1. If I ask for residues that are open to solvent by 10 Å² or more (accessible area, probe 1.4 Å) and of a type outside the set (Lys, Arg), which ones from region 311-322 would you list?
2. Restricting attention to region 325-342, and to residues there that are among the polar types (S, T, N, Q) and under 19 Å from Gly427 (Cα atoms), which single residue is surrounded by the fewest Cβ atoms within 10 Å (Cβ to Cβ)?
3. Here are some residues: Leu81, Leu90, Leu112. Which one is in a helix (DSSP H, G or I) and over 20 Å from the mean Cα position of the chain (by Cα)?
4. Six or more apart or on different chains, Cβ under 6 Å: which pairs go from a residue in region 185-209 that's open to solvent by 60 Å² or more (accessible area, probe 1.4 Å) to one that's in a loop (DSSP other than H, G, I, E, B) and of a type in the set (S, T, N, Q)? Could you list them?
5. When you go through Leu218, Leu245, Leu271 one by one, which is the residue that is under 24 Å from Gly288 (Cβ atoms), away from ligand 1 (no atom under 16 Å from the Cβ), touching a Ser or Thr at 6+ places or on another chain (Cβ under 9 Å) and of a type in the set (A, V, I, L, M, F, W, C)?
6. Does any residue of region 287-297 turn out to be away from ligand 2 (no atom under 16 Å from the Cβ), over 28 Å from Ile165 (Cα atoms), open to solvent by 10 Å² or more (accessible area, probe 1.4 Å) and touching a helix residue (DSSP H, G or I) at 6+ places or on another chain (Cβ under 8 Å)?
7. Filter region 52-78 down to residues that are open to solvent by 30 Å² or more (accessible area, probe 1.4 Å) and hydroxyl-bearing (Ser, Thr, Tyr) and give me whichever is modelled with the lowest pLDDT.
8. Mind counting the residues in region 223-241 that are without any contact (Cβ under 8 Å) to a residue 40 or more places away in the chain and either away from ligand 2 (no atom under 16 Å from the Cβ) or open to solvent by 10 Å² or more (accessible area, probe 1.4 Å) (or both)?
Amino acid sequence: MTKPISDELIAEANARELVALEEDYTALGRKLARTGIDIDRVKDRIAGFSVAVPSWGAGRGGTRFAKFPIPGEPTNIHEKLEDCAVINQLSRLTPRVSPHFPWDKVSDYKALREEAADLGLGFDAVNSNTFQDQPGQAQTYATGSLSSTVEATRAQAVEHNIECIEIGRQLGSTDLTVWVGDGTNFPGQQDFARSLDRYLEAASEVYSALPDDWRMLLEHKMFEPAFYSTVINDWGSSILAAQELGPKAKCLVDLGHHAPNVNIEQIVARLHRFGKLGGFHFNDSKYGDDDLDSGSINPHQLFLVFNELVEAELNPREGFKPSYMIDQSHNVTDPIESMLSSAEAIGQCFAKALLVDRDALHAAQEANDTMMAFQALRRAYNVDVAPILAKARVEAGGAIDVLATYRASRWRDRKAQERKAVGLGAGIV
Ligand code: LRH
Ligand code: MN
């Protein structure tokens, strides 16, 4: 297996942190034991936890105004896999990559799968793209894709999604994420019901092409690129569409795809209640679909989402196997550093959710003891779980201080010597 960062460098960096980590872990273990929690059991859950990274997040992202590339950023899927391998080698939390087509198109997917495996990586859900026109494309998606009024355009979009399934099969994926930007900018531009019916008819053709063990993850989004209405705009439209399509259709929750202050953790509980919770695109936002680093703006919300996921594990519904994926746009940081920091934030929120005294919480809920119910969550949220994640990481060959070790590797500087410069531009990739 190819390791982008030398084990010696990681061991050397860890040697400076080990004694302090052991002290912190032991102290936290004693504290948690006083409330009947076995810290090693939480550590083992973290060791088994993972979140996929987006191939499109390995490069600098941008907005419609501009994108500011950095020297040494990846220019193709091969270099993106190298960088994703760095994130996984240091964090031990991100062994899968979620690819996007045609952005990650290659001629030999079997070879790509082997290349990733040699880097210790596998592939998570594949993402289709019917929100951009490709050179030489027959039908434009300017007025929609799966919901387009133009039959040939819907057929083209269906065909592309089926092609993504075929690619995913070669990569070892079992999920297809379908996000369509279809919608309108003017009242009256399209009929809400007929648009949805066209989407459902076309999506059902994609659904019929799913292998038996595959799922189709419908990703709702309130707005952008459409700014008056979006065909799959919220969890309601998404769950109704998923129920209409069939048992292999589930709903994917991108945290940034809701109006400010929407109670996303309640949406998670609802989707789970009806057996339609398929997965997540983790990120954070303050205003719109800002695609900021997970936990960077509202870590408490991320904790509350994981609190619902731990409750869901205790009340499983058929097919409960949510895909955890990051979906961010790194406009001002080194993408590797952002994904290292985000994977840590996500892992920490899962660990904090595991520390909630569920019996005390449920008893207080039944007794309408509001303050003690809230305190059951807040006590867990206030625990600094960093030693648990660091312990799980170092035991798996990762770095105790992931950012310091990454910087000590001088990876980006080395890649700036090797990789060609990325041109100026705008947009997400
Ligand atoms: C849409 C979205 C979707 C991806 C794209 C890169 O906003 O969240 O998941 O296809 O970002
Ligand atoms: Mn997304």
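1. Glu311, Glu313, Leu314, Asn315, Pro316, Glu318, Gly319, Phe320, Pro322
2. Among them, the one singled out is Thr333.
3. Among Leu81, Leu90, Leu112, only Leu112 is in a helix (DSSP H, G or I) and over 20 Å from the mean Cα position of the chain (by Cα).
4. none
5. Leu271
6. Within region 287-297 (the criterion being away from ligand 2 (no atom under 16 Å from the Cβ), over 28 Å from Ile165 (Cα atoms), open to solvent by 10 Å² or more (accessible area, probe 1.4 Å) and touching a helix residue (DSSP H, G or I) at 6+ places or on another chain (Cβ under 8 Å)), the answer is yes, since at least one residue qualifies.
7. Thr63
8. Of the residues in that region, 5 qualify.
The values are calculated or read from the model by the stated rules, or taken from the named source; none is laboratory data. Treat the numbers as computed from the prediction; the structure is a model and nothing was measured. Positions of Cβ are generated from backbone atoms using ideal geometry, with glycine treated the same way; all protein chains shown enter the neighbour counts. What goes into the accessible areas is simple: the full protein's heavy atoms, side chains included, and nothing from ligands, DNA or RNA. Shrake-Rupley method; radii C 1.70, N 1.55, O 1.52, S 1.80 Å.
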